[in-house]
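Data first, discussion second: the structure below is written as structure tokens.
The values are calculated or read from the model by the stated rules, or taken from the named source; none is laboratory data. Predicted, not measured: the structure shown is a model, and the values here were computed from it. Here the Cβ positions follow ideal geometry from the backbone for every residue, glycine too, while neighbour counts run over all protein chains shown.
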Amino acid sequence: MSEEYVLIAEDTTKEYRRGSEIIIAIKNIDLKIKKGEFFVIIGPSGSGKSTLLNILSGLDTPTTGRIILDGLDTGMIDETMFPKIRRERVGFVFQNFNLIQELSAIDNVEAPLWPTALSSKIIEERALTLLRMVDLIERKDHKPKEMSGGEQQRVAIARALINNPKVVFADEPTGNLDSHTGEEIVKLLRKLNKEQGTTMIVVTHDENLIKFADHVVRIKDGKISELAKGGGGKTPQ
Amino acid sequence: MTFRIFIKSLWLAIRSGKRFFLFVVIYAILLWLTADRLDSLLNGGDPVLLFVFIGSVAALALVYGILISNYRKVQVATLRCLGWTSADIKWLFIGELMLVCCVAAFIDLEIVVHYIGIVANFTQKIPAIFSSTAFLISFAIIIGVQFLGVFVAWNRMLKVRPMEALRKA
């Protein structure tokens, strides 16, 4: 039943050309991710996990195979429609947070919705609710430079959720944080995943995140080497 | 929504600090020189210098476009990941370049008003500066030329895939 899956990758391969050489970044990937799952893609540096994330999220296109994101075959969608689909269905959390330095926390959270037809008041209300949810309401007017790494990542998580996405893609969300803060961030992602039912797809090389996952897929040399159940987030509760 | 992005782009430009103010000063000087030469041309003067100044403005717009595209590389890549379209991104650049030109024109007008006031106070005569027609035409030329900068910045930004830009940053 495809309705229970928010993301399906079918026999997906991505090749790059480097000079005369063809590099196979990922090969024959088959994945099915259920709605509301906390899904971890784990693998060492250069294993192809970020390429896979880019392809799953529609930021890159596969050489062969197909991706079905929330019922939409991304290969059938016009290139110009992708931003709209990303805006409506997908959220991103980055390793480097990627907040806009000149903007306050609340402006950063609001930014994805600025190009939409929603009124500024509604956007502000949503941003305030999310900042409250990530426990940063008192820092809403602070600039990223005035916040710690953990706080910046919490702002980035609030930003990823402002459009009520079906899926949030997190690319090494703990990569630039110390282990304690990193664990708090993953706990927050897990909490939001449970409370809001948003599917979370986390790419990492950190084995500690497995305990939070519903499912874990290991990537090695561009191929799935293992698909297993994770800890289901029981440990941190 | 385009208006909202345009307004936010003005804020972003002002908050970018030194770069913004440096270019405001350079544009103010070039606008003044262009208006002065255009006024001279309208009164039968030599057009060569006018073309030199317009060329300088075009070159400056290019430099500014390249600078913005470098400075905002990560910002734009992030916004594209978050669902901004290329048209939305374009408004970010239009806002910044238009604001620089408008602030530069405002500074020139302030200087003109004060200069006329001071000179008239001491000499009881209004000094000869470029005409308002020359100033307005020069301003229109400079605004028009800015689209070259917008195009350069925009084109450089959209060439790179957003995730690639973020990884290189």
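Working carefully through the options B:Phe151, B:Phe93, find the one that is in contact (Cβ under 8 Å) with a residue 60 or more places away in the chain, over 30 Å from A:Leu53 (Cβ atoms) and of a type in the set (Phe, Trp, Tyr). Write out each step before concluding.
On the way: B:Phe93 fails: over 30 Å from A:Leu53 (Cβ atoms).
Exactly one of B:Phe151, B:Phe93 is in contact (Cβ under 8 Å) with a residue 60 or more places away in the chain, over 30 Å from A:Leu53 (Cβ atoms) and of a type in the set (Phe, Trp, Tyr), namely B:Phe151.
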Checking A:Leu7 against (1) touching a Gly at 6+ places or on another chain (Cβ under 8 Å); (2) modelled with pLDDT of 90 or more; (3) away from chain B (no Cβ under 12 Å), the condition it does not meet: (1)
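Any residue at all in segment A:66-74 that's more than 10 Å from chain B (Cβ to nearest Cβ) and more than 21 Å from the chain's Cα centre (by Cα)?
The first filter runs over segment A:66-74 and keeps only residues more than 10 Å from chain B (Cβ to nearest Cβ), leaving A:66-74.
Still in the running and more than 21 Å from the chain's Cα centre (by Cα): none.
No, that holds for no residue.
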Could you tell me whether A:Ile77 is β-branched (Val, Ile, Thr) and modelled with pLDDT of 90 or more? no
For segment A:107-116, give me each residue that is surrounded by fewer than 23 Cβ atoms within 10 Å (Cβ to Cβ) and either modelled with pLDDT of 95 or more or assigned to a helix (DSSP H, G or I) (or both). A:Asp107
So A:Gly182 passes all but one of these: (1) without any contact (Cβ under 8 Å) to a residue 40 or more places away in the chain; (2) touching a Gly at 6+ places or on another chain (Cβ under 7 Å); (3) part of a helix (DSSP H, G or I); (4) within 27 Å of A:Ile55 (Cβ to Cβ). Which condition number does it fail? (2)
Quickly run through segment B:75-127 and pick out the residues that are assigned to a helix (DSSP H, G or I), farther than 17 Å from A:Pro112 by Cα and of a type in the set (Val, Ile, Thr). B:Ile94, B:Val100, B:Val103, B:Ile107, B:Ile111, B:Val112, B:Val113, B:Ile116, B:Ile118, B:Val119, B:Thr123
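Take the residues of segment A:103-121 that are free of Cβ contacts under 8 Å to residues at least 24 places away in the same chain and of a type in the set (Gly, Ala, Ser): which is nearest to B:Gly83 (Cα to Cα)?
Kept after step one, since they are free of Cβ contacts under 8 Å to residues at least 24 places away in the same chain, are these residues of segment A:103-121: A:107, A:114, A:117-121.
Those still in the list that are of a type in the set (Gly, Ala, Ser) too: A:117, A:119-120.
Numbers: A:Ala117: 14, A:Ser119: 18, A:Ser120: 18 Å.
Filtering first and then ranking leaves A:Ala117.
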Please find, within segment B:14-28, the residue that is surrounded by the most Cβ atoms within 10 Å (Cβ to Cβ) out of those that are small (Gly, Ala, Ser) and facing another protein chain (nearest Cβ under 9 Å). B:Ser16
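Can you pull out the residues in segment A:196-220 that are within 22 Å of A:His180 (Cα to Cα), outside any helix (DSSP H, G or I) and either out of contact with any Leu (no Cβ under 9 Å at 6 or more places or on another chain) or of a type in the set (Lys, Arg) (or both)?
Passing the criteria: A:Thr204, A:His205, A:Asp206, A:Ala213, A:Asp214.
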Only one of (1) surrounded by fewer than 17 Cβ atoms within 10 Å (Cβ to Cβ); (2) of a type in the set (Val, Ile, Thr); (3) over 30 Å from A:Phe82 (Cβ atoms); (4) in contact (Cβ under 8 Å) with a residue 12 or more places away in the chain fails for B:Val113. Which number is that? (4)
Restricting attention to segment A:46-63, and to residues there that are of a type in the set (Ser, Thr, Tyr) and away from chain B (no Cβ under 12 Å), which single residue is surrounded by the fewest Cβ atoms within 10 Å (Cβ to Cβ)? A:Thr63
Restricted to segment A:86-106, and to residues that are within 8 Å of another protein chain (Cβ to nearest Cβ) and part of a helix (DSSP H, G or I), which residue is nearest to B:Trp11 (Cα to Cα)? A:Arg87
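To keep it simple, each residue is scored yes or no on (1) within 14 Å of another protein chain (Cβ to nearest Cβ); (2) over 13 Å from the mean Cα position of the chain (by Cα).
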residue: B:Arg72; (1), (2): yes, yes
residue: B:Cys81; (1), (2): yes, yes
residue: B:Cys101; (1), (2): no, no
residue: B:Ile118; (1), (2): no, yes
residue: B:Pro127; (1), (2): no, yes
residue: B:Phe130; (1), (2): no, yes
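Which members of segment A:21-36 meet the condition of being of a type in the set (Lys, Arg) and in a loop (DSSP other than H, G, I, E, B)? Break it down stepwise before answering.
In the first step, residues of segment A:21-36 are kept if they are of a type in the set (Lys, Arg); the result is A:27, A:32, A:34-35.
Result: A:Lys35, single match.
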Look at B:Trp11 and say whether it is surrounded by fewer than 16 Cβ atoms within 10 Å (Cβ to Cβ), within 14 Å of another protein chain (Cβ to nearest Cβ) and either at negative phi or assigned to a helix (DSSP H, G or I) (or both). yes
Residue pairs meeting the criteria (Cβ under 6 Å; at least 6 apart or on separate chains; first among the hydrophobic types (A, V, I, L, M, F, W, C), in segment A:81-92; second assigned to a helix (DSSP H, G or I)): A:Phe92/A:Ala160; A:Phe92/B:Cys81
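Quick check: anything in segment B:58-69 within 11 Å of chain A (Cβ to nearest Cβ) and more than 13 Å from the chain's Cα centre (by Cα)? First the steps, then the outcome.
First pass over segment B:58-69, keeping only residues within 11 Å of chain A (Cβ to nearest Cβ): none.
Looking for residues that are within 11 Å of chain A (Cβ to nearest Cβ) and more than 13 Å from the chain's Cα centre (by Cα), one finds none in segment B:58-69, hence no.
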Index of the failed condition, A:Phe94 passing every other in (1) closer than 30 Å to A:Asp30 by Cβ; (2) surrounded by fewer than 21 Cβ atoms within 10 Å (Cβ to Cβ): (2)
